[in-house]
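Engineer: Got a structure here, written out as structure tokens. Questions coming.
Values quoted throughout were computed directly from the atomic coordinates according to the rules given, and no laboratory measurement underlies them. Source: prediction; values computed, not measured. Here the Cβ positions follow ideal geometry from the backbone for every residue, glycine too, while neighbour counts run over all protein chains shown.
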């Protein structure tokens with residue numbers, strides 16, 4: 001099958017480490033402790049918050065909304081996107097024919 005690619009679309013790729021550093025920086029600047037976030041989010045322990053700050057994982061969408069509200073910023077202020085070609089999606093005008101993602 002020969003596919004004629006019409007274009008490439010750049011999709012956002014989240015930089016987990018930079019986003020985690022951002023969460024920590026904004027949290028500290030807002031005077032909110034990890035313990036405060038733990039209580040607000042209803043977590044039994046703070047491990048998830050530390051994972052976010054270390055760039056090991058991302059908050060769920062629900063938790064990201066709460067985090068942004070508590071810290072007084074928008075979700076866009078928290079999330080940092082990579083400047084790379086890792087998120088290229090090729091399409092032929094009607095369907096996706098290839099995705100380039102680097103792990």
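Engineer: Can you tell me which residues in segment 19-46 are exposed (fewer than 14 other Cβ atoms within 10 Å of the Cβ) and under 20 Å from residue 81 (Cα atoms)?
Structural biologist: 25
Engineer: Return the pair list, or none, for Cβ contacts closer than 6 Å from residues in segment 30-58 that are in contact (Cβ under 8 Å) with a residue 24 or more places away in the chain and on the phi > 0 side of the Ramachandran plot to residues that are in a helix (DSSP H, G or I) and surrounded by fewer than 15 Cβ atoms within 10 Å (Cβ to Cβ), at least 6 apart or on different chains.
Structural biologist: Cβ pairs passing all conditions: 55/17.
Engineer: Could you please find all residues in segment 47-63 being in contact with a helix residue (DSSP H, G or I) (Cβ under 8 Å, 6 or more places away or on another chain), surrounded by fewer than 17 Cβ atoms within 10 Å (Cβ to Cβ) and not in a helix (DSSP H, G or I)?
Structural biologist: Those that are in contact with a helix residue (DSSP H, G or I) (Cβ under 8 Å, 6 or more places away or on another chain), surrounded by fewer than 17 Cβ atoms within 10 Å (Cβ to Cβ) and not in a helix (DSSP H, G or I): 56, 57.
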